[in-house]
Each structure stands twice: as C-alpha cells, then as structure tokens.
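Quick note: the coordinates plus some simple rules give every number you see, no bench work behind them. What you are looking at is a predicted structure, and each value in this text was computed from that prediction instead of being measured. Neighbour counts run over all protein chains shown; Cβ positions are idealised from the backbone, glycine included.
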Amino acid sequence: MGHTALILGDQLMRDNPALEGADRVVVVESLGRLGRRRLHRRRAHLVLTGMRCLVRDLRADGIEVDYRREAASIPSVVRELTAGGERVVCANPNDPGGRAHLRDAGAELWDSNQFLVSSDAFSAWAEGRNTLRMEDFYRDQRRLHGVLLDDGEPAGGRWNFDQDNRQPPKAGLSAPAPYQPREDEIDEEVRHDLDRWVADGTIDLWGEDGPRQFAVTPDEAQRALDSFIDTRLEWFGPWQDAMVDGERTLYHSLLSVPLNLGVLAPMRVVRAAEHAYRDGNVPIQSAEGFIRQVLGWREYVHGVAHLRRRDWPSRNALGATAPLPEAFWGRESGWACLDTTIESVSATGYAHHIERLMVLGNIMLLAGVEPWAAIRWFQTAFVDGAEWVMAPNAAGMALYADGGGMTTKPYAAGGNYMKRMSEHCGGCQYDPRKRTGDDACPLTALYWDFLDRNRDALKGNHRVAMPLRSLAKIEPDELKAIKARARRALEHELGGRA
Ligand SMILES: Cc1cc2nc3c(=O)[nH]c(=O)nc-3n(C[C@H](O)[C@H](O)[C@H](O)COP(=O)(O)OP(=O)(O)OC[C@H]3O[C@@H](n4cnc5c(N)ncnc54)[C@H](O)[C@@H]3O)c2cc1C
Ligand code: SF4
C-alpha cells in the first residue's frame with residue numbers, strides 16, 4: 001500500500017526515508033508553529049525558503065506535492081489526511097517533543113537517516129555508563145565509521161589535537177569570505193510573506209533582514225561545503241576559539257543551517273574534511289578539530305537531547321532564577337564583548353561556537369539567568385536554532401544546569417579569558433584585569449561574585465578547587481567591593497527583565 005510522505009521543515013533531504021514508496025508528498029507551512037515564539041527574521045526566511053525550494057524541485061521531478069500554506073499546525077493536517085483514509089508517513093522528527101504529537105495525530109514514524117547515530121543507538125551506547133563523555137563517544141564513532149584511522153590507530157598519532165588548536169587571535173587575522181548563495185524569486189516571495197505576517201501580528205520576528213548567507217538547497221550546501229574545504233578548513237583548528245572584531249565567521253564552516261535543515265548529510269561533510277587531509281591539503285589538527293565538531297559534538301548533543309528529554313525541564317543545578325537581561329535584546333550595556341556580539345547576532349543570526357559559549361552563555365551563567373529563559377533566547381536569536389540542539393548546549397554546556405552531566409566544571413570566565421581570546425577588551429571602557437573601582441571589568445567582578453554565590457554547590461568539584469582557594473584569599477572588604485561592582489553590572493548595565 002502506498003502512502004503520503006510528510007516532509008518536515010528540518011527534514012529536507014532528498015533521500016528522506018518517508019519518500020521511499022510514497023504516492024505523494026505533503027509539506028506544511030504551519031503559521032501556528034512559526035508564530036509560537038519570537039524568531040530571528042533570518043531563521044524564518046531560511047526555513048521557509050528551504051521548504052519552498054524543495055517543493056519546487058520535487059514538482060520539477062514529477063512528484064505530486066500537496067503544499068499547505070498558512071496551516072494552523074502540522075498535526076491538524078495529519079489528522080485531516082488520516083481521517084480521509086490516507087496513510088501518512090514521516091521520518092522520525094529530530095526534536096524530542098515532535099514525535100508524540102505526530103504519532104498522536106495518526107502519522108507513522110519511520111527511522112530517520114538524518115543523524116549518523118539514531119536516538120535509539122545513542123541510548124544503547126549510553127547504557128551502563130556512569131558518565132557520558134563526548135570524547136569516548138567520538139572515538140567510538142571514529143572506529144565505527146573508520147574515520148581518520150591508519151591501521152586502526154588515530155591518524156597523526158593522537159585522537160585529539162586540541163592542544164595545537166585554540167590559539168588566541170593574532171594581529172591582522174582574517175579569513176577568506178564564505179560562500180554566499182544567489183537569491184531568487186523564492187527569497188523575494190518569502191520576504192513578502194514575512195512582512196505581511198509581521199504586519200498582521202501573526203508572527204513576531206527579531207533581528208535584521210539582509211542578503212541570504214546560508215545554504216538551503218542540496219546544490220547550495222555542496223557549494224558551501226566545497227568552498228569551506230578549499231579555502232577555510234586549513235586554518236579552522238588553530239583559530240576555532242579566536243574572537244576577532246569584524247571577522248565574525250573567521251574560519252568556521254557556516255554549515256549548521258544546511259546540516260540542520262537536512263540538505264547536507266553529516267557523513268559527506270566528515271569525508272570531505274578527511275579527504276582534504278589525505279590529499280595533503282590541510283593539516284591533521286584542522287581536519288581532526290573540524291571532524292570532532294560534526295562526528296563528535298553534533299551527534300553527541302542530538303543523542304543527549306533525546307536521552308535526557310524528560311530531565312531537562314527540571315534541571316537547574318545552580319538554582320539560577322534571574323530573568324534574561326534586556327541587553328540580550330539589544331539594550332546597550334557598555335561592555336564591548338556583549339554589545340558587539342549582540343549587534344552581530346541581531347544583524348546576521350550567527351555567532352561562532354566560542355562567542356555563543358564564552359560570551360553569551362558565560363554572561364548568562366555569571367548573571368544567574370534561569371536556564372529556560374536562556375534556552376528560549378538562543379532559540380530565537382540564531383539561524384540554526386533547532387530545538388534538539390538547545391537544552392544540551394544552552395542549559396547543559398553554557399549554564400551547567402545539569403550539574404556536570406556534559407562538562408566537568410562550569411564554563412565560567414572573567415575578563416582575563418576575554419582579553420586573551422578576543423579583541424573586544426582593546427576597545428572597551430573597562431579594564432579586564434580589575435575587579436573593583438570605576439573602570440573594573442564587569443565580567444571579572446561577576447566571575448568572583450559567581451564563585452562566591454555558588455561556593456557550596458561547587459565545593460566538591462576538584463576542577464574548581466583552585467579558583468575557590470583564590471576566592472578564599474580575597475579580603476572581606478575587597479569581596480564586598482567586588483560584589484557591589486557585580487550588582488551594578490546586573491542591575492544597571494545589563495538592564496532588568498527583558
Ligand atoms: C549556547 C550555545 C547555543 C548553540 N546553539 C546552536 C543552535 O541553535 N544550532 C546549532 O546547530 N548549533 C548550536 N550550537 C553549537 C555550535 O555553536 C554551532 O553549531 C556552530 O557555532 C555553528 O556554526 P558553524 O556551522 O560555522 O560551525 P563550525 O564551527 O564550523 O562547526 C562545524 C559544525 O559542527 C557542528 N557542531 C559543533 N559543535 C556543536 C554543538 N555543540 N552542538 C551541535 N552541533 C555542533 C555544527 O553542525 C557545525 O555546523 C550552540 C552552542 C552553544 C554553546
Ligand atoms: S573589559 Fe570586560 S566588559 Fe570590556 S570587553 Fe573585556 S571582558 Fe568585556
């Protein structure tokens with residue numbers, strides 16, 4: 001018996017398993033879903049453009065597509081079709097919450113091929129382990145898929161080249177411009193629809209519009225991958241943690257959007273990076289450092305999101321309750337690190353990993369922002385803000401809400417880290433070395449205030465033992481002054497409730 005293949009907006013792969021044996025396809029643009037929470041304008045543009053391009057291409061190949069625009073919700077369309085006797089098949093949704101909704105509406109869910117490790121396979125890997133170390137998972141994936149192996153041993157003699165990577169920025173560091181797709185009439189049509197829906201209050205968009213920077217079709221994704229491998233992968237490793245003014249993308253790949261939309265297969269990306277190394281075009285530390293992101297971190301985060309899906313809402317190990325400060329929506333704080341990063345996220349919907357973790361996430365951690373307020377903001381602010389990615393990255397990695405399930409210590413850092421790894425402090429009114437006084441760096445004051453507030457929660461963690469010893473040596477009067485500086489930062493500079 002044939003079926004109708006339901007294609008979700010983040011499952012745009014042409015080898016979507018639901019297409020196998022399908023009589024026809026249904027694609028649903030759900031206004032209910034688009035309007036559910038505030039979204040970056042560029043994210044809405046990318047998802048809708050990707051969906052409409054797929055519909056165009058399927059029809060060009062002679063496939064019947066029932067394209068529902070402005071639908072109330074995806075489950076409502078599924079219910080309508082199944083009530084009419086249709087068998088609706090969908091690849092397993094990537095988001096942990098999506099599966100139950102579609103199943104309840106009557107859809108059949110088939111195994112998806114979008115990730116290399118399905119959520120069931122990840123659960124099997126996790127079974128019986130006390131800790132779920134990304135490094136263990138990643139090495140197992142390298143062995144399983146035979147990636148960067150020479151006779152079963154890691155290429156280059158080591159599994160991990162982090163020590164050679166993560167260098168601070170050097171003067172004049174700049175990277176070749178990334179691939180930029182050519183827009184067409186679908187982009188214009190989407191812009192027009194977004195304007196209309198904003199005007200009638202159906203959706204709430206944040207951030208600026210501008211030329212599309214991310215790939216949304218398989219062809220564009222291949223070009224983006226080729227361009228990255230040919231022009232930027234070589235230096236990805238050494239500069240992956242550097243933050244450089246005016247060079248927001250640096251040597252990063254900008255592939256999270258096509259990967260998350262399903263128009264680029266993760267193994268294609270991994271093999272392309274490995275070939276570049278085997279052909280002698282890029283050094284091992286860049287190939288390994290990049291493959292670790294895609295084969296390691298991305299798959300691991302997806303697995304953890306599903307495995308712990310019931311735990312995330314209740315996790316708040318540090319008891320953080322502060323609302324999200326207004327500075328995250330663009331109110332000027334006067335901190336160069338935060339203001340320039342927010343400005344850039346608003347303009348493009350993009351920041352690289354270290355800016356997300358060590359600027360935005362770190363400031364939320366130090367400010368004690370409640371984990372779900374953080375998750376919701378990250379979901380709004382980024383072009384690649386998939387739901388499965390958020391709880392592990394924002395709550396687990398950045399806010400330590402799971403009490404060390406993903407990291408061995410909180411990623412808390414003051415001005416010294418920022419000074420070493422970024423160019424922000426050079427143009428700032430504050431001094432990153434100072435924690436008291438008028439020109440004291442707010443991050444440095446907040447860092448010590450954070451340790452003081454969380455002394456009890458962190459005291460058993462040997463990786464925080466040294467900073468806690470340094471904290472204990474601060475004289476009471478100085479600690480009082482630090483805490484006063486931190487309070488000024490929270491109440492006046494970051495702004496109150498957003
Ligand atoms: C607080 C926080 C929020 C984040 N939000 C998102 C998000 O909404 N969507 C998203 O795709 N990624 C997110 N990430 C992970 C990572 O920062 C982005 O995938 C990456 O910055 C995207 O840029 P790029 O494609 O240039 O990545 P590159 O630096 O070129 O890395 C290559 C690829 O590795 C994958 N990757 C690397 N690290 C991770 C990770 N921790 N989780 C998932 N994939 C990873 C991505 O697919 C990325 O495209 C977040 C990380 C943090 C700390
Ligand atoms: S001095 Fe402090 S506030 Fe200013 S950019 Fe550096 S870390 Fe940020």
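Over the range 3-110, Cα pairs under 8 Å with separation of 6+ residues give a relative contact order of 34 percent. In this label model, Trp329 and His492 are separated by 2.3 nm, measuring between points 7 Å along each Cα→Cβ vector.
Distant-in-sequence amide contacts of Asp402, defined by a placed amide H-H separation under 5 Å and a gap of 5 or more residues or a different chain, comprise Ala317. Modelled label positions at Thr408 and Arg271, each set 7 Å beyond Cα in the direction of Cβ, lie 3.6 nm from each other.
Ranked by the mean number of other Cβ atoms within 10 Å of their residues, highest first, the peptides 425-438, 285-298, 265-278, 366-379 come out as 285-298, 366-379, 265-278, 425-438. Packing, as the average of other Cβ atoms within 10 Å across residues, places the peptides 171-180, 302-311 in the order 302-311, 171-180, highest first.
The Asp104 and Leu149 beta-carbon pair, evaluated with R₀ = 45 Å, returns a calculated FRET efficiency of approximately 0.55.
Could you work out the helix-only [θ] at 222 nm for the chain, with each DSSP H run of four or more residues adding -39,500 (n - 2.57) and the total divided by the number of residues, to the nearest 500 deg cm²/dmol?
Details: 22 runs with 209 residues, N = 498.
Calculated mean residue ellipticity at 222 nm is -12000 deg cm²/dmol.
What is the sum of charges around Arg223, taking Lys and Arg as +1, Asp and Glu as -1, for the other residues whose C-beta is under 12 Å from the C-beta of Arg223? Around Arg223, the charge tally is -3. Could you give the distance between the Cα centres of the range 1-52 and the range 422-453, to the whole Å? Spelled out, the Cα-based centre of one part sits 45 Å from the other.
Take each peptide in 92-100, 394-402, count the other Cβ atoms within 10 Å of every residue, and average; sorted highest first, the result is 394-402, 92-100. The string of couplings for the range 288-300 from the Karplus curve (6.51, -1.76, 1.60, θ = phi - 60°) is 5, x, 6, 4, 4, 5, 8, 6, x, 4, 5, 5, 5 Hz, one whole number per residue in order, with x for Gly and Pro.
A simple spin-label model places pseudo-atoms 7 Å from Cα toward Cβ; at Lys459 and Ala347 they are separated by 4.7 nm.
The rule of thumb for compact globular proteins, 2.2 N^0.38 Å, goes into the C-alpha radius of gyration of the range 3-110 1.01 times. Under the criterion of Cα pairs below 8 Å and six or more residues apart, the relative contact order for the range 359-478 equals 19 percent. Distance from the alpha carbon centroid of the range 102-146 to that of the range 368-419 works out to 22 angstrom.
The angle between the Cα long axis of helix 74-83 and the longest principal axis of the Cα atoms of the chain comes to about 30 degrees, rounded to the nearest 10.
List the relative contact order of the chain as a percent without decimals, with contacts defined as Cα pairs under 8 Å and 6+ residues apart. Result for the chain is 16 percent. Only lysine pairs 8 or more places apart, or on different chains, with alpha-carbon atoms under 20 angstrom apart are counted in the chain, and they number 9.
Taking amide H atoms as placed 1.01 Å from N in the peptide plane, the amide H of Asp66 lies under 5 Å from those of Val25, Val26, Val27, each 5 or more residues away in sequence or on another chain.
Each residue of the range 147-161 is assigned a 3J(HN,Hα), and the resulting list reads 9, 6, 10, 10, 6, x, 9, x, 4, x, x, 9, 7, 9, 10 Hz, derived from the Karplus form 6.51 cos²θ - 1.76 cosθ + 1.60 (θ = phi - 60°), x at Gly and Pro. Amide H contacts of Glu108: Val88, Val89, Cys90, each under 5 Å away and 5 or more positions distant or on a separate chain (H built 1.01 Å from N in the peptide plane; Pro and chain starts excluded).
I need the fraction of alpha carbon pairs in the chain separated by more than 42 Å, rounded to a whole percent.
18
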